[in-house]
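Worksheet: the structure to be examined is printed underneath.
The values are calculated or read from the model by the stated rules, or taken from the named source; none is laboratory data. On a predicted model such as this, the values are computed, not experimentally measured, just so you know. Cβ coordinates were reconstructed from backbone atoms using ideal geometry, including for glycine residues, and neighbour counts include every protein chain displayed. Heads up: the accessible areas ignore ligands, DNA and RNA and are worked out on the full protein's heavy atoms, side chains in. Shrake-Rupley method; radii C 1.70, N 1.55, O 1.52, S 1.80 Å.
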Amino acid sequence: MIVILEPNINKVGETYRRLMDHLGHLPNVQVRIHEEKGAQQVLTEVYLIGDTAALDAQSIANLPGVERVVRISQEYRILGRHRDDSRSTHFDYNGVTFSQDNLHIFAGLCAVSSREHVEAMLKALQQHGQVCTRMGAYKPRTNPYAFQGFGKDCLPYVFELAGKYGIKVIAMEILSEGHFQEIAEALHRCGSPTGVMLQIGTRNTQNFELLKVCGRQREFPVLLKRGFGITLEESLNAAEYLASEGNRKVIFALRGMKTNMGDPHRNFVDFAHVPTVKRLTRMPVCIDPSHSVGTRAQSPDGLLEIMHVTAQGIIAGANMILVDFHPEPGKALVDGPQALTLKELPYFIEDVMVTRAAYEKRVSNARQFQERPL
Ligand code: PEP
Ligand code: MN
């Protein structure tokens, strides 16, 4: 059960003390407090864990200091969307709002290949009104002898250039706690000219210790990719690990499943699950068309298959697109064959906008239909 307190409740006041005293004495129930500091107000949620079935939600809702009570199902306690649960689906980070109701494009380099490439990419993004990007410094490679990313060496110029070109959020994969520390240190050392969204890749979806590390820190939001060989439920539980440790600024990414059923795509595209994840949880949902499709194959209608699946994710309500671009795909150090070019950037953005407008029209049609008298 979640007890949502009145916003900005005074933590040293009598109402709060009495309420916590009451909740703390409920038999066989543990109390866990979560505080979320927004721009205007501080929201406090009290989680009652344990023997809560016998509790009367209404009488708890009537206690002084309580705004409302949500009964939670066993699944995804914090990130889940429970019955009568009107908690918001959004969070703000570095001036950017992420929610189940909007859409951001994170176009950028799968792996940083040179300062010049980073600059060309970021400059193009600024020219086309974009404030988010992806930049890989640490790469999880199948082959131990393959390029592993420039790591911390590239961070100073990536962050500096991001600031120069007005980039507010960079999605950047980490593989270990050490990577997280290197990113935080490098970012603070250069005065935080940009923000970072920590990305946990598909190979680490169930790396519970890494999830705990990312969950315990509240500075950076986390982009968690679905595990490519596990069920959706297992991946959503992995996301819940982050929230259970305290960080609920989590975005869930669909990036395709590993099965030969998806051939000739690199992975079997699973964007049909966009609305499903939005129904089961309050997380914004990201799609990664590049790692799903894995090639620049073009269909006879002239559209790249990457663009087709991007549209499939957007038309289903996706909130974020993580997509590989490169100024010179032939010189990319990782995943060049699936990268789109800078020339294609405005055309890609235009295609995204066309499809998003169609999605918004579908939503408005659905609302009108539901509001029609029987
Ligand atoms: C990536 O986004 O660069 C990446 C390695 O993705 P995934 O974890 O989905 O394979
Ligand atoms: Mn890649």
Considering only residues that are more than 12 Å from ligand 2 (Cβ to nearest atom) and either of a type in the set (Val, Ile, Thr) or part of a helix (DSSP H, G or I) (or both), which ones fall in region 303-328? 305, 306, 307, 308, 309, 310, 311, 312, 313, 314, 315, 321
Residue satisfying all of: in region 157-183; in contact with a helix residue (DSSP H, G or I) (Cβ under 9 Å, 6 or more places away or on another chain), more than 25 Å from residue 215 (Cα to Cα) and open to solvent by 30 Å² or more (accessible area, probe 1.4 Å); nearest to ligand 2 (Cβ to nearest atom) among these: 157
Failed condition for residue 361, given (1) without any contact (Cβ under 8 Å) to a residue 24 or more places away in the chain; (2) within 24 Å of residue 260 (Cβ to Cβ): (2)
Suppose we filter region 131-147 for residues that are more than 16 Å from ligand 2 (Cβ to nearest atom) and either open to solvent by less than 30 Å² (accessible area, probe 1.4 Å) or outside the structural domain of residue 105 (by TED's automatic domain parsing) (or both); how many remain? 1
For residues in region 81-100 being under 11 Å from the mean Cα position of the chain (by Cα) and not aromatic (Phe, Trp, Tyr), which is most open to solvent (accessible area, probe 1.4 Å)? 90
Residue 96 passes all but one of (1) touching a Lys or Arg at 6+ places or on another chain (Cβ under 7 Å); (2) not assigned by TED's automatic domain parsing to the domain that holds residue 278; which number fails? (2)
Could you grab the pairs with beta carbons closer than 7 Å, sequence gap of 6+ or different chains, first residue in region 121-141 and under 23 Å from residue 179 (Cα atoms), second one basic (Lys, Arg)? 132/168; 140/203
Within region 335-344, is there a residue that is in a helix (DSSP H, G or I), within 16 Å of ligand 2 (Cβ to nearest atom) and not small (Gly, Ala, Ser)? yes
Single condition residue 32 does not satisfy, out of (1) open to solvent by less than 60 Å² (accessible area, probe 1.4 Å); (2) in contact with a Phe, Trp or Tyr (Cβ under 7 Å, 6 or more places away or on another chain): (1)
Among (1) aromatic (Phe, Trp, Tyr); (2) in contact (Cβ under 8 Å) with a residue 12 or more places away in the chain; (3) away from ligand 1 (no atom under 16 Å from the Cβ), residue 347 falls short only on (2)
Give the residues of region 119-148 that are part of a strand (DSSP E or B) and among the β-branched types (Val, Ile, Thr), sorted by residue number. 133
